[in-house]
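Take a look at the structure below.
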Amino acid sequence: MLDVLWGTVLVPALVAAFLLVAASRATRRGLPATGALLAGLALAGGHLASVLAIAGSPAWPPVDARSWLFALVPTSTLVAASAVLVGRRSFTLVTRISWAVLVPPLVLAPLARHAWGPWQASLMFALLAATLVLLAEAFERIGTAVRPSAFLAAGAGPAALAVPLLVFGASALFGQLAGALAWALTPLFLGSVVSREPGWWRGLPLPLATVVVLMLGTGAFFAELPLPAAGLLASGPLLAALAARRLARRLGPKGAWIACVALALLPALAGIAVAWVSYEPPGAYGY
Amino acid sequence: MRSLRFPTLVALLLAGLTTSGSVLAAETYEIDPVHSTIAFRIQHLGVAYTWGRFGAMSGQAVIDEQNPAASSVQVEVKVESIDTGDEKRDKHLRSPDFFDAKTFPVARFTSTSVRRKGDVYEITGTFELHGVEKTITLPLERVGSGKDPWGGYRTGFSGRTTIRRSDFGMKWGLGGPVGDEVELFFDLELIRQ
């Protein structure tokens, strides 16, 4: 139990908090791209330190979903920081789409090789790529329209709810890693509540979307997580983003904050119900 | 020119005879999956062993009785076919927590050297599991050989070895209820081709 607490809670939270302090200092010195990069690295570092603590060192070169996390998540922070450095909206969108096109074939390569025909593989690549771009855009829109803390809560909440979702989907490891993501996001969320520095969080949407998509994709494609359940969890932040501007106008900052986070969480709860019905938890055999 | 041709011809004939002799001695066998078992057991909670087996396997062996070092064996197991007697546990074992069967659908043993000590063949080879390749030695004892009622010829081997799942990248849950050491049991019936 102590091992689980250490790897899933303390390691991601402490590493992310440490790197976040460095990020805030860089932002204060007027280095927004460096701040965005370090904020992204705080998330990536916290999460990957947890992966190391829970599952040991990954294979290199990457061969499976877990080892791809180590290659893709830090790289996504560089991609996100480069977009912040350039500062153009069109460039950000192009980098996100390019990134999203690159990631699925790498992670889903074993299924494309062993199990899927070219059409099915193309469809699944497109599905995952679209989810990644839409999630990154959704997180950014929530952060801009409401508050950065709303986007981080809209990421951390579903990540926490992904724990039972993935455990029901027969991957306790990725369930733990979802918990670690939620805990890596916690210091970032607290930082966003107290920070008055603008823009430091803009390096976070792409790495966060990458981790979420990798975990849900792994659960759905490599374990037993029902695809509709994964889709429901991913749709929460999308719904919140669609409504964010209208909610901000009608409900004011606090009301919009609460409504956005609720919208992000409700579909995830429905996803847990779907996963529960289609796959009972593995408690009967107790591992 | 003629004086050169005759010795060359003799040498070629001798070489051919030697080669054909070893070809005759080496016989090719296929694994009979219906009468073969690849099983394993692993400690649960440190108090008892839990057993499992793989239902789908295939493989070939070349057995050279006169020159055992020239023998070879290759065995493939479909990881998806794991059966521990509990479907929920099997699903979990196929997931990325353990075998990651969709990423690594096949476990494979390919021999690199064979030594014979009486009825025991010590087969060293590459064991590929979960995307990791390790050299292991598998002692296989000949159980028996003989004609079957359908006109064929069969031989059988039995053996066991121990590996650590952590050596093959299956590190999740170490220190928890599921042990690290895995004992593998092989009972293989082979049909001469």
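The values are calculated or read from the model by the stated rules, or taken from the named source; none is laboratory data. Quantities reported herein were computed from a predicted structural model and do not represent experimental measurements. Positions of Cβ are generated from backbone atoms using ideal geometry, with glycine treated the same way; all protein chains shown enter the neighbour counts. Just the protein is used for accessible areas: all its heavy atoms, side chains included, with ligands, DNA and RNA removed. Shrake-Rupley method; radii C 1.70, N 1.55, O 1.52, S 1.80 Å.
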Completion exercise
Mean accessible area per residue over chain A (1.4 angstrom probe, all protein chains present, square angstrom) is 42 Å²
Completion exercise
Taking a ≥ b ≥ c as the square roots of the eigenvalues of the Cα gyration tensor, with a/c under 1.5 meaning rounded and otherwise prolate when a/b exceeds b/c and oblate if not, the stretch B:25-192 is prolate
Completion exercise
Counting only backbone N atoms under 20 Å from a point 7 Å out along Cα-to-Cβ of B:ILE136, the residues of the stretch B:50-71 in range are B:50-62
Handout entry: Residues with amide H under 5 Å from that of B:VAL106, placed H, sequence gap 5 or more
Key = B:VAL79
Problem - Protein accessible surface hidden between B and A, which excludes ligands and nucleic acids, total in Å², probe 1.4 Å - result: 2100 Å²
Practice task
Any chance you could tell me what percent of the C-alpha pair distances in the protein assembly as shown go past 41 Å?
Solution key: 33 percent
Exercise for the section: Heads up, I need the accessible area for A:ILE54: 1.4 angstrom probe, whole protein in place, Å², nearest 10. Expected result: 20 Å²
Fill in the blank from the handout: Largest-first semi-axes in Å of the equivalent ellipsoid built from the Cα gyration tensor of the stretch A:42-131 are 24, 22, 8
Problem - Charge dipole (the protein assembly as shown, unit charges on Cβ, about Cα centre) - positive-most of B:GLY151, B:THR162, A:ALA209 - result: A:ALA209
Fill in the blank from the handout: In the stretch A:148-195, accessible area falls by at least 30 Å² from chain alone to full assembly (1.4 Å probe) for A:ALA170, A:LEU173
Handout entry: R0 of 60 Å, Cβ-Cβ distance A:ARG89-B:VAL34: FRET efficiency to nearest 0.05
Key = 0.40
Handout entry: With every protein chain in place, the stretch A:130-287: carbon and sulfur % of accessible area (1.4 Å)
Key = 68 percent
Fill in the blank from the handout: Among chymotrypsin sites (Phe, Trp or Tyr not before Pro) in the stretch B:108-193, those in a DSSP loop whose Cβ has at most 14 other Cβ atoms within 10 Å are B:TRP150
Practice task
Compute the convex hull volume of the Cα atoms of chain A, divide it by the residue count, and report the result per residue in Å³ as a whole number.
Solution key: 126 Å³
Handout entry: Mean residue ellipticity (222 nm) of chain A, computed from DSSP H runs ≥ 4 via -39,500 (n - 2.57), nearest 500
Key = -28500 deg cm²/dmol
Exercise for the section: Please give, to one decimal in nm, the separation of the simple spin-label points placed at B:VAL62 and B:VAL120, each 7 Å out from Cα toward the Cβ. Expected result: 2.6 nm
Practice task
Estimate the FRET efficiency between B:ILE42 and A:ARG250 by the formula 1/(1 + (r/R0)^6), using the beta-carbon distance for r and 60 Å for R0, to the nearest 0.05.
Solution key: 0.55
Handout entry: Sequence of B:ASP167, B:ASP32 from largest to smallest accessible area, 1.4 Å probe
Key = B:ASP167, B:ASP32
Exercise for the section: Note every residue of the stretch B:171-193 with a reduction of at least 40 square angstrom in accessible area, all protein chains present versus the isolated chain, computed with a 1.4 Å probe, or write none. Expected result: B:LYS171, B:TRP172
Practice task
Starting from the Cα gyration tensor of the stretch A:107-224, take the square roots of the eigenvalues, sort them a ≥ b ≥ c, and report rounded, prolate or oblate (rounded when a/c is under 1.5, otherwise prolate if a/b is larger than b/c, else oblate).
Solution key: oblate
Completion exercise
Checking the stretch A:65-160 for trypsin sites (Lys or Arg not before Pro) in a loop per DSSP with at most 13 other beta-carbon atoms within 10 Å yields A:ARG88
Exercise for the section: Measure out, as a whole number of angstrom, how far apart the alpha-carbon centroids of the stretch B:72-129 and the stretch B:151-193 sit. Expected result: 6 Å
Practice task
Note down the nm distance, to one decimal, between modelled labels 7 Å out along Cα→Cβ at A:ALA71 and at B:VAL106.
Solution key: 2.2 nm
Practice task
Roll a 1.4 Å probe over the protein heavy atoms and report the accessible area of B:VAL178 in Å², nearest 10.
Solution key: 30 Å²
Exercise for the section: Calculate, for A:TRP276 and B:LYS78, the FRET efficiency according to 1/(1 + (r/R0)^6) with r their C-beta to C-beta distance and R0 22 Å; round to the nearest 0.05. Expected result: 0.15
